[in-house]
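Worksheet for the structure shown next.
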Amino acid sequence: MGRADERMTRDYELLVILHPELDAAALQAASEAIKGKLASLGEVTLADFWGQRRLAYTVRKCNLGFYLLLRFTASPAAVLEVRQFLRIEQHEAVIRYLLVVDEKRGGKPTAQPMPGAQAEQPAPVQAAPPDEDAMARAAAERAALEEAARAEAVTPEEPAEAAEAAGADQPAEVAEVEAGE
């Protein structure tokens with residue numbers, strides 16, 4: 001059974017949150033150590049540094065962290081080694097990580113250069129031409145909603161006039177009810 005596991009490889013995605021107080025050299029060393037460990041267990045297909053981001057909640061007394069996304073191919077037995085490496089050998093640099101089987105989901109946040117590393121200029125992205133029909137439909141919907149809001153926005157009557165109108169109707173109704181008894 002061990003030989004079958006060695007031949008079978010899977011694609012994994014590892015998101016690591018590194019401590020925000022790491023300087024550029026320590027950050028580079030930690031990311032290189034993690035990439036090196038993954039390379040020794042399989043093949044690293046993507047190493048993407050997302051930069052410093054705010055955490056949703058406090059983790060190990062930190063509200064910020066440096067995000068590092070790694071995609072790699074390795075055997076399922078290598079997952080245990082990766083987890084042990086992150087928990088034991090990199091416990092001071094790594095504040096949280098998530099290791100999942102990569103399902104080829106696509107779509108990811110924009111990469112940022114590592115602090116202290118030379119930044120590569122990304123190719124400019126061209127926006128898709130606007131869909132004129134969709135824009136016309138959206139404008140028509142907006143106009144209809146605004147018209148409906150204006151129709152519902154009736155000017156309120158003066159409180160005294162509203163009370164008189166309600167008071168004038170009430171005695172007649174009360175008189176009819178009393179007469180019917």
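The values are calculated or read from the model by the stated rules, or taken from the named source; none is laboratory data. Quick caveat, the model's predicted, so the values are computed rather than measured. Because the Cβ atoms are built from the backbone with ideal geometry, glycine has one as well, and the counts that use them run over all protein chains shown.
What to note about this one:
- Scope segment 93-138; condition of a type in the set (A, V, I, L, M) and at pLDDT below 75; matching residues: Ala111, Met114, Ala117, Ala119, Ala123, Val125, Ala127, Ala128, Ala134, Met135, Ala136, Ala138
- Members of segment 27-50 that are crowded, with 17+ Cβ neighbours inside 10 Å and either part of a helix (DSSP H, G or I) or not β-branched (Val, Ile, Thr) (or both): Leu27, Ala30, Ser31, Ile34, Lys37, Leu38, Leu41, Gly42, Ala47, Phe49, Trp50
- Options Tyr67, Tyr57, Tyr12: the member that is more than 23 Å from Pro115 (Cα to Cα) and under 19 Å from the mean Cα position of the chain (by Cα): Tyr57
- Filtered by the rule that a residue be polar (S, T, N, Q) and either crowded, with 16+ Cβ neighbours inside 10 Å or in contact with a helix residue (DSSP H, G or I) (Cβ under 6 Å, 6 or more places away or on another chain) (or both), segment 76-100 gives a lone residue, Gln90.
Residue-by-condition table, conditions (1) in contact with a Gly (Cβ under 7 Å, 6 or more places away or on another chain); (2) small (Gly, Ala, Ser):
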| residue | (1), (2) |
| --- | --- |
| Leu18 | yes, no |
| Gly36 | no, yes |
| Leu80 | no, no |
| Gln84 | no, no |
| Ile95 | yes, no |
